[in-house]
Protein chains: 2
Amino acid sequence: MVKGRVRRRPEGQENKKMPTGEIEVCAESLEVLNTSRKLPFEMKEFVKKSEALRMQYRYLDLRSPRMQYNLRLRSQMVMKMREYLCNLHGFVDVETPTLFKRTPGGAKEFVVPSGDPGKFYSLPQSPQQFKQLLMVAGIDRYFQLARCYRDEGSKPDRQPEFTQVDIEISFVDQAGVMSLIEGLVHYSWPEDKGQIHVPFPSMTYEEAMRDYGVDKPDTRFGMKLVDVTTAFQGTQIEFIKDALLKPSGCIQAICIPEGMKHLKGKDLEFLKQAAKTQYGQEVSVAPVRADGSLKSPLSRLLSDRAKQQLLQMAQANAGDLIFITAGPRENVRPLLGKLRLQCAELLESYGVPVRDPSVFHFLWVVDFPLFLPKEDNPEMLEAAHHPFTAPVPEDAHLLYTQPRKVRGQHYDLVLNGCEVGGGSIRIHNASQQLYVLDTILKEDTSLLSHLLEALDSGAPPHGGIALGLDRLLSIIVGAPSIRDVIAFPKSFRGHDLMSRAPDFVSEEDLKPYHISVVWPNTDIEGHQHNSV
Amino acid sequence: MVKGRVRRRPEGQENKKMPTGEIEVCAESLEVLNTSRKLPFEMKEFVKKSEALRMQYRYLDLRSPRMQYNLRLRSQMVMKMREYLCNLHGFVDVETPTLFKRTPGGAKEFVVPSGDPGKFYSLPQSPQQFKQLLMVAGIDRYFQLARCYRDEGSKPDRQPEFTQVDIEISFVDQAGVMSLIEGLVHYSWPEDKGQIHVPFPSMTYEEAMRDYGVDKPDTRFGMKLVDVTTAFQGTQIEFIKDALLKPSGCIQAICIPEGMKHLKGKDLEFLKQAAKTQYGQEVSVAPVRADGSLKSPLSRLLSDRAKQQLLQMAQANAGDLIFITAGPRENVRPLLGKLRLQCAELLESYGVPVRDPSVFHFLWVVDFPLFLPKEDNPEMLEAAHHPFTAPVPEDAHLLYTQPRKVRGQHYDLVLNGCEVGGGSIRIHNASQQLYVLDTILKEDTSLLSHLLEALDSGAPPHGGIALGLDRLLSIIVGAPSIRDVIAFPKSFRGHDLMSRAPDFVSEEDLKPYHISVVWPNTDIEGHQHNSV
């Protein structure tokens, strides 16, 4: 602690690089308030530290200008969001419990043992039920910065606890929620990140899958999927003929501009191999020579007219690379969608600018299917998002006849190819909700009887959304991981490397909760216990 | 949903009692958006419902004007607090983890099993460690509306999860924290609750115990404790002589104005009995007759001068009641403090106004002892509040010689006799912190090694406070319970009566967490399992 008088620095001694570089303090007294031991790393931005070391000494890592910026920006953005919702739009900030009950299908919910033998609370993945109950309760505009929990084991860049901007509104439609969120993002957008424009563009799920092969397209660059089936009409190429005979069989392509110049042979091999292992699909690469001919075994199997048509449809020019694959649409699209992103990453790794990191492309994706076939049993249906999503009104009658054809009033907010939010108009009619849960999804409705009863108490029509705050912020600040916008994150294995949580707990401390540890390999139980 | 034109009501049909009573809608179309089954209770304020019924149908209970007011006021007050801290005082809102590690002595912490066999997270009782780490991390003004957890079993009017306004500041002293909080409460105070005045009065712990027999005095009324030992000097009354011979023996009294008129014989019996069972102390009741004489067996054992002195010291007049008790000060004070509150409640139950419910008396209590003797082993010391509290500077040297005499830089905020906040200046010197943990408190310091290392990394002097938001709000709105300011509270046994949490979880679902249930009375294990 220095006490003294502030004065202008002597001429020539100013430091323009420092915010306070024009002044100095003429010290009159000095007191050492605390000392510092030798630190585990230097407090300089340019000193590269391993992530494990950063996490172990997080209180030092947070001193870096980058982390200070991230945490302070987070606080400011959240404050602006609250002002927008509370002060400008009359929302009520309501805290909902995190010690709740297991939800149907809540396999990823942490359990919390209670003092009642065999009974557990559950840490909810979202306040979904509570926000809907609040609509029944007459809190017609609810929001909360909600702490949510999800036990996903070891997934990269996921956190066991995360925060969502949780919103629910009575007497609202899809357009109403979307324009509220556009206003919210616009109002809270950091000044130093440039202008964003509202309304955000919108795209149907079908369009997103068709053009980008994914339901969260990165629209900052082209290289869209093209259906080139007609170019191959009447082809004699055996494997293509076979593919076209199957239901929803098609031939699709993406074109990488100047791909011949930038992508190396080993890149192409890697991409083809990835397609084979991840999707079980063959991908052909057809570079376009300077004379417009295709450098591919396909070339001699195709008529000139077909080749011409292919180049035209793919908008391919000399020097470009065309990736072509044939098969059922539901395989081909995600494969090419993935390939498109992999090519962008590869090109960027060679210094070719594909996506401008200072540009923010928001996008709504709408008209999702309401149900999807279960992966392990395609005869059964599961909710594409959650079982409370209302059908698109003109599809509602299909619920009872062709549920697979029903679109849901669900909307995702996508930013630069990442899903940063999702919501829906909910079912507010108890009998429709019961039909979906019971008849279509075959769920045990007793677990949701309170929600069904609540809907049956005169629930208003309602809908809402949840924004993933950590993800949104990490994209805005350009952080490689959501860990960089969270003060004290867990490692990808769910560990706190600073305090060493989770940790062993004595059998004595577990007694009040009527649980005991089941050690794996009970034959070495003694050894395991020793490590406690 | 009614569509139509709004118009003024015909003359004579206005309803002044309704906010919209001067207008009506001339309906052009009507659509039934939803229907309602027969509700379990009428939606009228005057219909008395049991608390269990209110909790089971919380979504209906919340429709009441009172609950709507409470939840909306809560949202508004919290928003004002955020504006004050974030926008006016440059605080940074930082979210800290709730999946943490067990803290030393954290017997009331819920455990959360992790995927690592035998390892558990703990739900923290407060972000104490994180807020101090943030000070080391250069977030010099931190705040958070923090969700906290405490497993207290079945305590009335406690909740397993609650919210605190959590604040920590670097380079601050006790006066700095106190004036910030006064500003915060003043700024966020609801307009319809009248004016409050800052700064709040302040009282030492010693003064509070001396005058009110409690460390959170309700200063809305008098009836203070009076030490009347000198009136009994040289007494021949055996039990009083005995009491005075013991260390810190004293005679103390409280005077209940007009107590003779209001308190009945059975009330006095009840109070004396309570004193005996709860404190093991005899209490004498001495009513003051119209002629100024005492209607008590004590009367004939006391000289006239002594009686005169007693009346004068107790400021007792004709018709008053004096409660007198003799014994060690540490027994007598809490006993009379409790008696004082019980008398106030009894008088109020008879319609005698003692405490004005529309008046808000804030009070700081300061200069607490830093350590207290352990209840089960008075040779050992425990932290009066927590082990991170710094000593009052002029007492710091006593840490090493007479730790029992050290006062802490701790401050409690009291409102109408309830503790609504508490904080302290923290120890920022690692070796002093180690000395307190290791030498004085005999704690296992390995559990706090990360905090000690952090202090040793150049921690700035810092301090802070936490306000109990639920309690504060319940007093402001005059609610009988904190459950009335929480949207979805648990019952006093920790149950959610609406969703029936906590609930049984299948052994299958517990497997990933390597735990199993230990059923009480294993001889009826089979039966117990059936109930799952």
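The values are calculated or read from the model by the stated rules, or taken from the named source; none is laboratory data. Model, not experiment: these values are computed from the prediction. Please note: Cβ atoms are built from the backbone with ideal geometry, for glycine as well, and neighbour counts cover all protein chains shown. Quick note on the areas: whole protein, heavy atoms, side chains included, nothing else; ligands and nucleic acids left out. Shrake-Rupley method; radii C 1.70, N 1.55, O 1.52, S 1.80 Å.
For a test of the definition: using alpha carbon positions, the gyration tensor, and the 1.5 limit on a/c, classify segment B:221-349 as rounded, prolate or oblate.
In terms of gyration-tensor shape, oblate.
Among the lysines, select those whose C-alpha is under 30 Å from the C-alpha of A:Lys295, and discard any that sit fewer than 8 residues away in the same chain.
Counting by Cα, and skipping residues close in sequence, A:Lys295 has these lysines nearby: A:Lys224, A:Lys241, A:Lys246, A:Lys261, A:Lys264, A:Lys266, A:Lys272, A:Lys276, A:Lys307, A:Lys338.
Distances in nm, one decimal, shortest first, from B:Gly176 to the same residue in every other copy, taking the label point 7 angstrom along Cα→Cβ.
4.8
What trypsin sites (Lys or Arg not before Pro) does segment A:324-410 have in DSSP loop regions with at most 12 other beta carbons within 10 Å?
Here the sparse-neighbourhood loop sites are A:Lys374.
I'd like to check one number: the per residue accessible area of segment B:57-136, probe 1.4 Å, reported in Å² as a whole number.
Accessible area per residue: 25 Å².
Would you kindly work out, in nm and rounded to one decimal, the distances from the label point of B:Gln308 to those of the same position in each other copy, ordered shortest first, with label points 7 Å along Cα-to-Cβ?
13.1
Carbon and sulfur: what percent of segment B:221-349's accessible surface (1.4 Å probe)?
Carbon-and-sulfur percentage of accessible area, whole number: 52.
Hey, for B:Ser516 with labels 7 Å out along Cα-Cβ, what do the inter-copy distances come to in nm, ordered shortest first?
Reported distances to equivalent positions: 0.9 nm.
Carbon and sulfur atoms: what percent of the 1.4 Å accessible area of segment B:2-56 do they account for?
53
Quick one: what are the phi-derived ³J(HN,Hα) couplings along segment B:365-381, Karplus 6.51/-1.76/1.60 with θ = phi - 60°, whole Hz, x for glycine and proline?
10, 10, 6, 6, x, 7, 10, 10, x, 5, 4, 8, 7, x, 6, 9, 10
When the Karplus curve 6.51 cos²θ - 1.76 cosθ + 1.60 is applied with θ = phi - 60°, which whole-Hz ³J(HN,Hα) does each residue of segment B:456-470 get, with x for Gly and Pro?
Calculated HN-Hα couplings, in order: 7, 10, x, 5, x, x, 7, x, x, 7, 9, 9, x, 5, 4 Hz.
Hey, can you grab everything whose amide H is under 5 Å from the amide H of B:Ser122? Only 5+ residues off in sequence or another chain; H modelled, so Pro and N-termini drop out.
Amide H neighbours of B:Ser122, under 5 Å, 5+ apart: B:Phe100, B:Lys101, B:Arg102, B:Val112.
Nothing charged except the Cβ atoms of Lys and Arg (+1) and of Asp and Glu (-1): what's the magnitude of the dipole of segment B:2-56 about its Cα centre? Round to the nearest 20 debye.
Magnitude of the dipole: close to 160 debye.
What's the FRET efficiency of A:Glu269 with A:Glu45 using the Cβ-Cβ distance as r and R₀ = 51 Å, to the nearest 0.05?
E(calc), rounded to 0.05, equals 0.85.
May I ask you to find the residues of segment A:106-124 that are shielded by at least 20 Å² of accessible area once the whole protein assembly is considered instead of their isolated chain (probe 1.4 Å)?
A:Phe110, A:Val111, A:Val112, A:Pro113, A:Asp116, A:Pro117, A:Gly118, A:Lys119, A:Phe120, A:Tyr121, A:Leu123
As a test of understanding, state the convex hull volume per residue of the protein assembly as shown from its alpha carbons, in Å³.
About 261 Å³ per residue, rounded to a whole number.
For the protein assembly as shown, give me the percentage of DSSP beta bridges that are antiparallel, rounded to the nearest 5 percent.
95
Once you list every other residue whose beta carbon is under 15 Å from the beta carbon of A:Gln68, what net charge do they have if Lys and Arg are +1 and Asp and Glu are -1?
Result for the neighbourhood of A:Gln68: +2.
Go through segment A:451-488 and flag every residue whose accessible area shrinks by 50 Å² or more with all protein chains in place compared to the isolated chain (probe 1.4 Å).
A:Glu453, A:Asp456, A:Ser457, A:Phe488
Evaluate the charge dipole of the protein assembly as shown about its Cα centre and quote only its size in Debye, nearest 20, assuming +1 on the Cβ of each Lys and Arg and -1 on the Cβ of each Asp and Glu.
Roughly 1120 debye, rounded to the nearest 20.
Using a ≥ b ≥ c from the Cα gyration tensor of segment B:2-56 (square roots of the eigenvalues), is it rounded, prolate or oblate, where a/c under 1.5 gives rounded and otherwise the larger of a/b and b/c decides, a/b for prolate?
The shape class here is oblate.
Heavy-atom accessible area per residue, segment A:221-349, 1.4 Å probe: how many Å²?
That works out to 50 Å² per residue.
Rounded, prolate or oblate: which one fits chain B, using the alpha carbon gyration tensor with axes a ≥ b ≥ c (rounded when a/c is under 1.5, else prolate when a/b beats b/c, else oblate)?
In terms of gyration-tensor shape, oblate.
What list of ³J(HN,Hα) couplings, whole Hz, do you get for segment B:350-355 from phi and the Karplus terms 6.51, -1.76, 1.60, once you set θ to phi - 60° and write x for glycine and proline?
Each residue of segment B:350-355 in turn: 8, x, 7, x, 10, 10 Hz.
Give me the inter-chain shielding for A:89-95: mean count of other chain Cβ atoms within 10 Å, whole number please.
For this peptide, the per-residue mean of nearby foreign Cβ atoms is 6.
Which one, A:Val226, A:Phe200, A:Ser179, is farthest towards the positive end of the dipole of segment A:157-305 when Lys and Arg carry +1 and Asp and Glu -1 on their Cβ?
So the residue furthest toward the plus end is A:Val226.
Name the residues whose placed amide hydrogens come within less than 5 Å of the amide hydrogen of B:Val214, ignoring near sequence neighbours (fewer than 5 apart) on the same chain.
Under 5 Å from the amide H of B:Val214: B:Met209.
Show me the GluC sites (Glu not before Pro) within segment A:1-72 that DSSP assigns to loop and that have at most 12 other Cβ atoms within 10 Å of their Cβ.
A:Glu11, A:Glu22, A:Glu31, A:Glu42, A:Glu45
Which trypsin sites (Lys or Arg not before Pro) does segment A:83-134 hold that lie in a coil by DSSP with at most 15 other beta carbons within 10 Å?
Hits after loop and neighbour filter: A:Lys108.
What is the set of long-range amide H partners of A:Val392 at a cut-off below 5 Å, with H atoms built 1.01 Å from backbone N?
A:Arg407, A:Gly408, A:Gln409
In segment B:48-65, which residues give up 40 Å² or more of accessible area once the other protein chains are added, compared with their chain alone (1.4 Å probe)?
Buried by the other chains: B:Tyr59, B:Arg63.
In what sequence, largest accessible area first, do B:Leu301, A:Leu53 appear using a 1.4 Å probe?
Sorted by accessible area, descending: B:Leu301, A:Leu53.
What number comes out for accessible area per residue over segment B:1-48 if the probe is 1.4 Å? Units Å², please.
92
Tell me which lysines have Cα within less than 29 Å of A:Lys44's Cα, excluding those fewer than 8 residues away on the same chain?
The qualifying lysines are A:Lys3, A:Lys16, A:Lys17, A:Lys193, A:Lys490, B:Lys131.
What's the buried accessible area, both sides, between B and A using a 1.4 Å probe, rounded to 100 Å²?
Result for this pair: about 9100 Å² buried.
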